[in-house]
Amino acid sequence: MNLASASVSQKKAQTYTSIGVETGVAAANPHQLVMMLFDGALLAVVQAANAMQQGRIADKGQSVSKAIDIITNGLKASLDYSASDELSDRLASLYDYICSRLLHANMKNDAAALEEVSKLLVEIKSAWEGIANDPAVIAGAKNAG
C-alpha cells in the first residue's frame, strides 16, 4: 500500500468513526451521554500520558486540552444545580481540581498527576455506572427519548 492510499484509508476510517460517534450521540439518553463524556476524557488522559512518555510535547498538550474541554464544557456544564443538595457544587469543585491537575501535568510533565486524574475520573464514572439501573435514571431516559 502506498502513502496516498494509506492516507485515503485512514481518512475513510476517521469518517466511519465520526459517523459512528455521531450516531451513538444521537441515540443516547442523557445518562449515556455523560458516560460518553467520561470515556472521551479518559481516552484523552491516556493519550496525553502516552505522548508524555514518548516526548511528543505538542500531542501531549492537545490531549490535555481535549480532556480539560470535555470536563469543563461537557461534564461540568451538564451539572444540574436546580436540586437543593450540594452534589453539583462538590462535583464542580472536583472537576475544577481535576482540570488544575491536568494543567500541572502538562506544564511539569508530571505522569503521576495524569494517573491521579485518571483514577478520579474512573471513580466518578463508576458511580455513574452504578446508578444506571436506578428507577429515576431509567424514567429520565424514557422521558428524554
Anything in the stretch 78-112 that is open to solvent by 60 Å² or more (accessible area, probe 1.4 Å), assigned to a loop (DSSP other than H, G, I, E, B) and modelled with pLDDT of 95 or more? List them, or say none. Asn109
If we scan the stretch 75-87, do we find a residue that is over 18 Å from Gly40 (Cα atoms), without any contact (Cβ under 8 Å) to a residue 24 or more places away in the chain and among the basic types (Lys, Arg)? no
Please specify each residue of the stretch 65-77 satisfying the condition of being open to solvent by 20 Å² or more (accessible area, probe 1.4 Å), hydrophobic (A, V, I, L, M, F, W, C) and either within 18 Å of Val122 (Cα to Cα) or touching a Pro at 6+ places or on another chain (Cβ under 7 Å) (or both). Ile68, Ile70
Do we have any residue at all in the stretch 48-64 that's farther than 16 Å from Asp110 by Cβ, surrounded by 14 or more Cβ atoms within 10 Å (Cβ to Cβ) and among the small types (Gly, Ala, Ser)? no
Provide a single number: the residues in the stretch 113-134 that are at pLDDT 95 or above and open to solvent by 70 Å² or more (accessible area, probe 1.4 Å). 4
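The values are calculated or read from the model by the stated rules, or taken from the named source; none is laboratory data. Because the structure is predicted, anything quoted here is derived from the model rather than measured. In this analysis, Cβ positions are derived from the backbone assuming ideal geometry, glycine residues included, and neighbour counts consider all displayed protein chains. Quick note on the areas: whole protein, heavy atoms, side chains included, nothing else; ligands and nucleic acids left out. Shrake-Rupley method; radii C 1.70, N 1.55, O 1.52, S 1.80 Å.
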